[in-house]
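The values are calculated or read from the model by the stated rules, or taken from the named source; none is laboratory data. If you're wondering where the values come from, they're calculated on a predicted model, not measured in any experiment. All Cβ positions, even for glycine, are placed from backbone atoms using ideal geometry, and neighbour counts span all protein chains on display.
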Amino acid sequence: MNTCLLRLSSSSAFRISHRGLSVESESLKNLRIVKKPSDDHIQQFEKLVGGFNDIRLLKETMNDRYQLYLLCDKNDRVISGTHSILYKSLNPSLPDFRTFGLSYQPPDSFHLLPHLMSQMVSDLDAVNMNSGGCVESKTSAVWRKILHTKVRGATYYVSDYSRDEVFDPELEFEGLVVKKFSEVPPEDVTKYDNSIFPYHRNQFLLSKFSRGLGRVVYDSTGKVTGIGLVSMESGLLEIGPMYADNKTAAQAMFQCILKELNGDFERIRVRCTDKFEDSATWIRPFLSRRHEMTPFAHLKFNRVIPDGIQFGKVFVDSNPTNSPC
């Protein structure tokens, strides 16, 4: 297990102020960064992060392209962490990029993020390649200082609805056929994903689809026009990814999933962006109340927003802590 001890002398104290909170570096002397966390460490971190995280799935499927750094105290208790994924391009003309995310920072440990990020960015030489991802407002200053993320893309919004606020409007979709993930060739999913996100993640995506309610939609000629997934955990649903050629295809997939659920859920979460209007409007026929959107993250990179991504077909992103779409 690789670790890096954080020991700073009082003469080189590092002080960060956040909303009036100032903490001296002396509080860091007994902390260590775990670069190859054990199963116990990962389990602790998963509890801190909460539901709908893909930590283990990423570790199992992305192999050495996935790094997870955890900050632990002297009792081996995980207090924060972050991860990074190297996305290799499927197109030789498009450069690879690295994304960061999943940074869990309790209010009393926010000041530790710069130390954790600095070590990871240095180890991965992230400043010397296109790096970034989806960052919350409260941590964007840290990213800008360490990753130099000055190129800004979309703003991501999130909405949550109770079971009573979501219904099946019985829309008709002529010429479309929606099938379950288990009924289709896996390449129908991966090829469509590659057309939206031209970077290596096939194994990860197929594993993610196999654990949720996945759908693939075809037009009258048999062409794939969309893929969609709803993940479920303890009665909570999360939509994403939902990629489609058009709004109708996205709605057809979601309506089929709602029919299968038959009301067997407590709450549902959906995300959208400010750069693609249909990502905000496609869900509205299924809601019994006003669609309210809360901003929660911004897409930022230190060079360019990764090339080749078809944001105009991303109705719901896969997971903003894992990739730009």
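For the stretch 40-54, which positions are of a type outside the set (Asp, Glu) and either crowded, with 19+ Cβ neighbours inside 10 Å or without any contact (Cβ under 8 Å) to a residue 60 or more places away in the chain (or both)?
Of everything in the stretch 40-54, those that are of a type outside the set (Asp, Glu) and either crowded, with 19+ Cβ neighbours inside 10 Å or without any contact (Cβ under 8 Å) to a residue 60 or more places away in the chain (or both) turn out to be HIS41, ILE42, GLN43, GLN44, PHE45, LYS47, LEU48, VAL49, GLY50, ASN53.
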Problem set entry | Out of HIS298, HIS291, sole residue that is in the same structural domain as LEU176 (by TED's automatic domain parsing) and outside any loop (DSSP other than H, G, I, E, B) | HIS298
For this session: Scan the stretch 146-170 for residues that are within 22 Å of the chain's Cα centre (by Cα) and in a helix (DSSP H, G or I) and report the count.
Result: 2
Problem set entry | Residue match in the stretch 188-195 (condition: small (Gly, Ala, Ser), crowded, with 18+ Cβ neighbours inside 10 Å, out of contact with any Lys or Arg (no Cβ under 6 Å at 6 or more places or on another chain) and farther than 20 Å from TYR104 by Cβ) | no
Exercise. Restricting the search to the stretch 171-182, which residues are assigned to a strand (DSSP E or B) and either surrounded by 18 or more Cβ atoms within 10 Å (Cβ to Cβ) or within 17 Å of the chain's Cα centre (by Cα) (or both)?
Worked result: VAL178
Exercise. Among (1) of a type outside the set (Asp, Glu); (2) modelled with pLDDT of 95 or more; (3) within 15 Å of GLY240 (Cβ to Cβ), where does PHE296 come up short?
Worked result: (2)
Exercise. Within the bounds of the stretch 183-204, is there any residue that is touching a helix residue (DSSP H, G or I) at 6+ places or on another chain (Cβ under 7 Å), under 17 Å from GLY240 (Cβ atoms) and outside any helix (DSSP H, G or I)?
Worked result: no
For this session: Output the qualifying pairs, or none if there are none: Cβ atoms under 8 angstrom, residues six or more apart or on different chains, first residue in the stretch 200-215 and under 22 Å from GLY308 (Cβ atoms), second residue part of a loop (DSSP other than H, G, I, E, B) and of a type in the set (D, E, K, R).
Result: HIS200/LYS88; PHE204/ASP54; LYS208/ASP54
Exercise. Tally time: how many residues in the stretch 283-296 are surrounded by fewer than 23 Cβ atoms within 10 Å (Cβ to Cβ) and either within 20 Å of GLU170 (Cα to Cα) or touching a Pro at 6+ places or on another chain (Cβ under 7 Å) (or both)?
Worked result: 8
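Hey, any hits in the stretch 91-107 for a residue that's in contact with a Lys or Arg (Cβ under 7 Å, 6 or more places away or on another chain), exposed (fewer than 15 other Cβ atoms within 10 Å of the Cβ) and more than 18 Å from THR139 (Cβ to Cβ)?
Taking every residue of the stretch 91-107 in turn, at least one turns out to be in contact with a Lys or Arg (Cβ under 7 Å, 6 or more places away or on another chain), exposed (fewer than 15 other Cβ atoms within 10 Å of the Cβ) and more than 18 Å from THR139 (Cβ to Cβ).
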For this session: Being surrounded by 14 or more Cβ atoms within 10 Å (Cβ to Cβ) and hydroxyl-bearing (Ser, Thr, Tyr) is the filter; apply it to the stretch 136-170 and report the residue that is nearest to PHE110 (Cα to Cα).
Result: THR139
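Against the condition in contact with a Phe, Trp or Tyr (Cβ under 6 Å, 6 or more places away or on another chain), within 15 Å of ILE239 (Cα to Cα) and not small (Gly, Ala, Ser), how does ILE257 come out, does it pass?
It is false that ILE257 is in contact with a Phe, Trp or Tyr (Cβ under 6 Å, 6 or more places away or on another chain), within 15 Å of ILE239 (Cα to Cα) and not small (Gly, Ala, Ser).
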For this session: Determine whether SER93 is more than 19 Å from the chain's Cα centre (by Cα), closer than 17 Å to ILE305 by Cβ and not aliphatic (A, V, I, L, M).
Result: yes
For this session: Collect the residues in the stretch 63-73 that are out of contact with any helix residue (DSSP H, G or I) (no Cβ under 6 Å at 6 or more places or on another chain), modelled with pLDDT of 95 or more and crowded, with 19+ Cβ neighbours inside 10 Å, keeping them in residue-number order.
Result: GLN67, LEU68
